[in-house]
């Protein structure tokens, strides 16, 4: 049974050699050797992921604008009006968070272009593929992020 697992891992470990970066799966990306960290294919993979995320957010923003325009009718019942206003406020808060995420995505794309993507802003160490898959806009390694959060908790920064 272990030999089957080894064969699968070997297959995954070599799959990236014949595929374009955009076509890699997360498992294939994670199976790449450490020496290939932030090679052209990995950079291509993350660029595609960031651009897709950006397109989704921009599409959602357009839908919100349309939705808010459609719901401008006057509702005589105060409870219904309050419900509609609360839904609008929630939607606007969500879009505000997405607007901030769009800024981080643009910064991540700029780091891809400058060759800084995938490396910690504080230490210069690799951030790690697992963390970048979970949060493609990450600028700090897990350890540096934990240190920052601990400082904020202790000193209220």
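Below is a table of values for the structure above.
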quantity	calculated
Sole residue being part of a loop (DSSP other than H, G, I, E, B) and either within 24 Å of the chain's Cα centre (by Cα) or modelled with pLDDT under 95 (or both), chosen from 130, 62, 124	124
Checking residue 57 against (1) under 30 Å from residue 33 (Cβ atoms); (2) surrounded by 12 or more Cβ atoms within 10 Å (Cβ to Cβ), the condition it does not meet	(1)
Members of segment 119-138 found to be surrounded by 15 or more Cβ atoms within 10 Å (Cβ to Cβ) and farther than 22 Å from residue 55 by Cβ, listed by number	119, 120, 126, 127, 128, 129, 131
Residues of segment 103-118 that turn out to be over 17 Å from residue 45 (Cα atoms) and surrounded by 15 or more Cβ atoms within 10 Å (Cβ to Cβ), as a count	1
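The values are calculated or read from the model by the stated rules, or taken from the named source; none is laboratory data. Just so you know, these numbers come straight off a predicted model, no measurement behind them. FYI the Cβ positions are ideal-geometry reconstructions off the backbone, even for glycines, and counts take in every protein chain you see.
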